[in-house]
Amino acid sequence: MTTLVSRIGPPTLKRFRLTIGPRLRAGSLATGAVLLWATWPALATASAPAPPFLVFGLAAAIGFVLSLVLAQFRGVGLQCLSVPPRAVAIVVFGLLGHNILFLHAVPRIGASEANVVAYLWPILVVVLSAWAFGERLQRMQWAGMALAFAGVTIAIGPSFAQGLDLVGIGLALLSGLAFAIMSTIRSRAKEIR
């Protein structure tokens, strides 16, 4: 019985994982991540009777437990928890800061508007990385950033026909900045290693 279970268990899944190929696997993971990141503001808003921080905390706890279960299933066990405390602190404070600021922006300017502004973080990563790595930004990079900010203005402009909530926009922008700082520190740490 044990041999039958061991034949059906993880080795079969390992073979399946290898047969899908690295590109398809990476594409699937990226698609899943985009779907999760794109839908969580709407889901947080839809759970309006529940406090948003409770929803966020429960979602984070569920995600953590599921990650531990997956790590155990893959045979990694608790090895996945052997991350340097400094790296954990950077990610925790970066994600926590990002989400707290974002959740404060949502009631002021709406979930979709806050999401559009917060998603300027890749542009902020370019600026922060150039500053952190001592690089000069090229004209095309500046033009791309200007287009991104113009796009955000066009995308959220109609929502503010009655009035502009600069505090809400600032909170959403700071949310993106928190995520960008975390991403830049992580990429800087990877480069040093």
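The values are calculated or read from the model by the stated rules, or taken from the named source; none is laboratory data. All figures in this text were calculated on a predicted structure; none of them were measured in a lab. Cβ sites come from the backbone with ideal geometry, for glycine too, and all protein chains shown count toward neighbours. Side chains included, ligands, DNA and RNA excluded: accessible areas come from the protein's heavy atoms. Shrake-Rupley method; radii C 1.70, N 1.55, O 1.52, S 1.80 Å.
Remarks
- When V65, V69, V91 are screened for being at pLDDT 80 or above and under 23 Å from G176 (Cβ atoms), only V91 passes.
- Residues of region 121-149 that turn out to be open to solvent by 70 Å² or more (accessible area, probe 1.4 Å) and assigned to a helix (DSSP H, G or I), as a count: 7
- Filter result (outside any loop (DSSP other than H, G, I, E, B) and open to solvent by 50 Å² or more (accessible area, probe 1.4 Å)) within region 62-80: I62, F64, V65, L66, S67, V69, L70, Q72, F73, L78, Q79, C80
- Checked against the criteria, A178 does not count as under 18 Å from P122 (Cβ atoms), of a type in the set (G, A, S), surrounded by fewer than 17 Cβ atoms within 10 Å (Cβ to Cβ) and at pLDDT 90 or above.
- Restricting region 32-59 to residues that are of a type in the set (S, T, Y) and over 13 Å from the mean Cα position of the chain (by Cα) leaves a set whose member that is least open to solvent (accessible area, probe 1.4 Å) is S47.
- Within region 101-122, restricting attention to residues that are at pLDDT below 90 and β-branched (V, I, T), the residue that is farthest from A48 (Cα to Cα) is V116.
- Considering only residues in region 150-172 that are of a type in the set (V, I, T) and without any contact (Cβ under 8 Å) to a residue 12 or more places away in the chain, the one that is most open to solvent (accessible area, probe 1.4 Å) turns out to be I154.
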